[in-house]
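What follows is a short report on a single structure.
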There are 2 protein chains.
Amino acid sequence: MTLNTLVDHSNCEDCPIRHRAVCARCDADELIALEEIKYYRSFEAGQTIIWSGDQMNFVGSVVSGIATLTQTMEDGRTQMVGLLLPSDFVGRPGRDSAAYDVVATTDVVMCCFRKKPFEDLMNSTPHIAQRLLQMTLDELDAAREWMLVLGRKTAREKIASLLSIIARRDASVSQKGLSGPIVFDLPLTREAMADYLGLTLETVSRQISALKKDKVILLEGKRHVTVPDIGRLMEEAGDDADGGFLV
Amino acid sequence: MTLNTLVDHSNCEDCPIRHRAVCARCDADELIALEEIKYYRSFEAGQTIIWSGDQMNFVGSVVSGIATLTQTMEDGRTQMVGLLLPSDFVGRPGRDSAAYDVVATTDVVMCCFRKKPFEDLMNSTPHIAQRLLQMTLDELDAAREWMLVLGRKTAREKIASLLSIIARRDASVSQKGLSGPIVFDLPLTREAMADYLGLTLETVSRQISALKKDKVILLEGKRHVTVPDIGRLMEEAGDDADGGFLV
DNA sequence: CGGAACCTTGAGGTGTATCAATGCTTGTGG
DNA sequence: CCACAAGCATTGATACACCTCAAGGTTCCG
């Protein structure tokens, strides 16, 4: 069996996603209540965490790794509708069947809560509900930004948009700022990128090659990317490069 | 001046969106507190309610009419990212500049609250925050469903998807059920539909003509639509017609 | 070494965009 | 009451971005 469930009452204070996850606003007592009901689960790269339509008896946060949220049509066309990074929340309080497939793209560790106890705790702990509202509003903004990408951008702009988002997130995590070159590894296959961008994997491959030829990005192997000038990349994405990001 | 602001402490109990809006869960006392700070504003068809980037000093609910949420790129490409119907909420607590343009498509009446007093009330009234969370989660689901439409559906499927959504909403409002023909007026121009679907207005026009020729819909004039068989329309949309809707 | 997974590149086809002309409604002013 | 303009919609011809199908390359692992 590749699935691993650990009951672990380790200290939330030391958790790497403590300040960003659904528990971000909780104070010490509230964390203790959460620790009582939490447990960890691990998933291997490629594993499906949740099947669309299945009963959802838990909710939780991604602690490490990357997962995707995808929808599939009857004829097999698929569209990724969300990218789950560490601290992102999975599951919807008040609903019991899953609306999307959740798939681990890399190895993933999740901090889970059984749904019912979590809902009870949410009702008695405004800090959790407040934080969840804030996170949901952020996700809604991200989804709407992505609607512009899907609906109106060219293939080249779509690729540049995706790379720009990953590059900026990585720069903010590694605290390097946006003035120098940004280096990162692509966490997605060409096919997963295609599913995110509403393209075919061939088009993704061609456009990445084109951006490389034009020196917008440098590639070492298939996944290791260097962005020499994030402003240039954002121009290629059709975004306003002076939107207040480059302070 | 076409803009009309009315201070109106009329009874929330009689409000047409009482049971669906952000105040849906409020009890009598809470409604009184809301009545203290609410005011109505009217907008004419075509008027911009909020400009993207502007200071947002109020939030509110659509009481009647239809508004759109749109994003625009520097070169003028636009994508609609939301359709605001009666009871939908506008504005984001905790943010002070607007992220999108909000435009009245028909004449619109909104029930507004100044942002600060509303935020205060939200913190002291869990029922409001709870309802807002629920509504935001619903909007997120709708946005993700739309991502599939934008990313993976053909022009014909896109049109069918939009018509199917409007048709089903109208059927649910008029309590007619989904067994017989559904009749409604399109609340959007061809151009607005194109902006919603990530198409050009010419393609929208062609696909509507095609669906008409194939008897999937009947048209009287340019806006008055009859859907003889909603199941057929949902098939055209690529949706599973027996997804539990046709009970 | 052989196979599997992933990626790249090419050739040709197709769906939608673009450009352009025309039609239909509605409202306005002479 | 007609003439005209403005806004919205339809239809046609053509262009091109992206998809589809196909072959071959790279990397990794048993």
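Remarks
- Under 5 Å between amide hydrogens, built in the peptide plane, is the criterion, and for residue B:182 it picks out B:227 among residues at least 5 positions away or on other chains.
- Interface residues of the range A:84-129, defined as those with an accessible-area decrease of at least 40 Å² between the chain by itself and the complete set of protein chains (probe 1.4 Å), are A:92, A:100.
- Among B:35, B:119, B:74, residue whose mean-square fluctuation peaks in a GNM of chain B (springs only between Cα atoms under 10 Å): B:74
- Taking the Cα centre of the protein assembly as shown as origin and assigning +1 to Lys and Arg Cβ atoms and -1 to Asp and Glu Cβ atoms, the resulting dipole is close to 1160 debye.
- Of all complete DSSP H helices in chain B, those with a Cα span along the helix axis of 20 Å or greater and a mean Kyte-Doolittle hydropathy of -0.5 or more are B:126-152, B:155-173.
- Inter-chain shielding of B:191-198 (mean C-beta neighbours from other protein chains, 10 Å cut-off): 2
- Charge dipole of the range A:1-92 about the Cα centre (unit charges at C-beta), most positive-ward option of A:10, A:53, A:42: A:53
- Total lysine pairs whose alpha carbons fall under 16 Å of each other in chain B (8 or more apart, or interchain): 5
- Overall shape: rounded for the protein assembly as shown, with the ratio a/c of the largest to smallest alpha carbon gyration tensor axis below 1.5.
- The mean number of partner chain beta-carbon atoms within 10 angstrom of a residue's beta-carbon across peptide B:71-81 is 5.
- When chain B is treated as a Gaussian network with alpha carbon springs shorter than 10 Å, the biggest mean-square fluctuation among B:237, B:28, B:99 belongs to B:28.
- A/B buried area, accessible surface, summed, 1.4 Å probe, Å²: 3900 Å²
- Each Lys and Arg contributes +1 and each Asp and Glu -1, all at the Cβ; summed about the Cα centre of chain B, the dipole is approximately 600 debye.
- Fraction of accessible area attributable to carbon and sulfur, the range A:154-236 (%, probe 1.4 Å): 50 percent
- Here is how the number arises for chain B: DSSP H runs of 4 or more residues each give -39500 (n - 2.57), the sum is divided by the residue count, and the result at 222 nm is -12000 deg cm²/dmol.
- Computed about its Cα centre, the charge dipole of the range B:4-141 is approximately 120 debye, with only Lys, Arg, Asp and Glu carrying charge at their Cβ.
- 10 Å Cβ neighbours from other chains, averaged over peptide A:203-210: 0
The values are calculated or read from the model by the stated rules, or taken from the named source; none is laboratory data. Nothing here was measured: the structure is a model prediction, and the numbers come from that model. Cβ: placed from backbone, ideal geometry, glycine included. Neighbour counts: every protein chain shown. Only protein heavy atoms, including side chains, enter the accessible area calculation; ligands, DNA and RNA are left aside. Shrake-Rupley method; radii C 1.70, N 1.55, O 1.52, S 1.80 Å.
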